[in-house]
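No lab work stands behind these numbers, since they all come straight from the coordinates. Computed from a prediction, not measured in an experiment: that's the story for all the values here. Here the Cβ positions follow ideal geometry from the backbone for every residue, glycine too, while neighbour counts run over all protein chains shown.
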Amino acid sequence: MRDRGDAVNALKRAIYTGRVAPTQARRADEMQAVADALSLLANVVMAWNTAQMQAVLDRWANRRQIVPPELLGRIAPTRLEGINLRGVFRFPIERYAGQLLPSQTAAKTSAGG
């Protein structure tokens, strides 16, 4: 069995297929931003997989299909089969601005009102 760290790194390699342009990521803060974005995407995939795995386990439990605990300890949410990594991601940030940036949203409201 692969080490879990290796599985996470394999997930990151699968997500990252492009190249960083020579004009990007020259400074340490730019390199850190690229690494952080990659980690964020890997965490999103693992969170999605974890939720899907839990839903399956819940359905099995409702049917009284018990998964042995020693098997549960051997699974990890780093698989990619159910994830389309080649699509376009659109994030409606304006819809969630108040939750993401509450202090800026409050400042705009008080300045405009």
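Quick notes
- Ratio of the Cα radius of gyration of the stretch 46-101 to 2.2 N^0.38 Å, where N counts its residues: 1.61
- Prolate is the label for the stretch 14-71, because a/c, from the alpha-carbon gyration tensor with a ≥ b ≥ c as root eigenvalues, is 1.5 or above and a/b exceeds b/c.
- Computed extension length for residue 13-residue 26: 2.6 nm, one decimal, from 0.36 nm per residue of separation with the Cα-Cα distance subtracted.
- The chain: calculated mean residue ellipticity at 222 nm from DSSP helix runs of at least 4, using -39500 (n - 2.57): -20000 deg cm²/dmol
- Over the chain, the reciprocal of the mean inverse Cα-Cα separation, the Kirkwood hydrodynamic radius, stands at 17.7 Å.
- FRET E, pair residue 99, residue 39, Förster distance 25 Å, beta-carbon r, rounded to 0.05: 0.75
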